[in-house]
1. First compute the accessible area of the chain with a 1.4 Å probe, then give the percent of it belonging to carbon and sulfur atoms.
2. Go through (1) 2, 10, 19, 22, 24, 16, 6, 1, 0; (2) 3, 15, 27, 26, 18, 8, 2, 0; (3) 3, 13, 18, 20, 18, 15, 9, 4, 1 and flag the label whose value is the computed P(r) over Cα pairs in 5 Å bins from 0, in percent for this structure.
3. Quick check for you: which residues of region 63-86 have the amide N under 13 Å from the point 7 Å beyond the Cα of Ser39 toward its beta carbon?
4. Based on the Cβ-Cβ distance of Trp47 and Lys88, what FRET efficiency does E = 1/(1 + (r/R0)^6) give at R0 = 30 Å, to the nearest 0.05?
5. Around Gly49, what is the net charge, scoring Lys/Arg as +1 and Asp/Glu as -1 over all other residues with Cβ under 13 Å from its Cβ?
6. Let me have the relative contact order for the chain, percent, based on Cα pairs under 8 Å that are six or more residues apart.
7. Could you give each residue of region 82-93 its phi-based ³J(HN,Hα) in whole Hz, using Karplus coefficients 6.51, -1.76, 1.60 with θ = phi - 60°, and x for Gly or Pro?
8. Could you pull out every residue, at least 5 positions away or on a different chain, whose amide H is within less than 5 Å of the one on Ala12? Hs are placed 1.01 Å off N in the peptide plane, and Pro or chain starts have none.
Amino acid sequence: MIQATYNGEIIARSDKTILVEGNHYFPADSVHKEFLIDSDTHSTCPWKGKASYKSVKVGDQVLVDACWYYPDPKEAAANIKGYLAFWKGVKVV
């Protein structure tokens, strides 16, 4: 079971993550969305497409843009559509 934690809270937990480039992508239904805040940030990966971001908030602690996902990935990354990944202080083990 892989889980993402921040500030003592489990943000996501699943045994069905997809490992891409060293990052675990969690199925959307395994993520506790009450800890996520929408963001206007986007970036582009040459083979995955346009990424969207969410900030992670636990208590009064916020990690800006610490969650990302590909709402409409390119064909090469179609398997991660509907999955979210974490970084910037979120511990994934």
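The values are calculated or read from the model by the stated rules, or taken from the named source; none is laboratory data. What you see is a predicted model, and the numbers here were worked out from it, not measured in a lab. Here the Cβ positions follow ideal geometry from the backbone for every residue, glycine too, while neighbour counts run over all protein chains shown. Surface areas here come from the heavy atoms of the whole protein model, side chains and all, with no ligands, DNA or RNA. Shrake-Rupley method; radii C 1.70, N 1.55, O 1.52, S 1.80 Å.
1. Values: 2650 of 5310 Å².
Percent of accessible area from carbon and sulfur atoms in the chain: 50.
2. (2)
3. Within reach of a label on Ser39, which here means backbone N under 13 Å from a point 7 Å along Cα→Cβ, region 63-86 contributes 63-70, 85-86.
4. Working: r = 22 Å, r/R0 = 0.73.
Given R0 = 30 Å and the Cβ-Cβ separation, E is 0.85.
5. Working: positive: Lys48, Lys50, Lys74, Lys81; negative: Asp72, Glu75.
With Lys, Arg at +1 and Asp, Glu at -1, the neighbours total +2.
6. Here the relative contact order equals 28 percent.
7. x, 10, 10, 10, 9, 6, 6, x, 7, 8, 10, 9
8. Amide H neighbours of Ala12: Ala4, His32.
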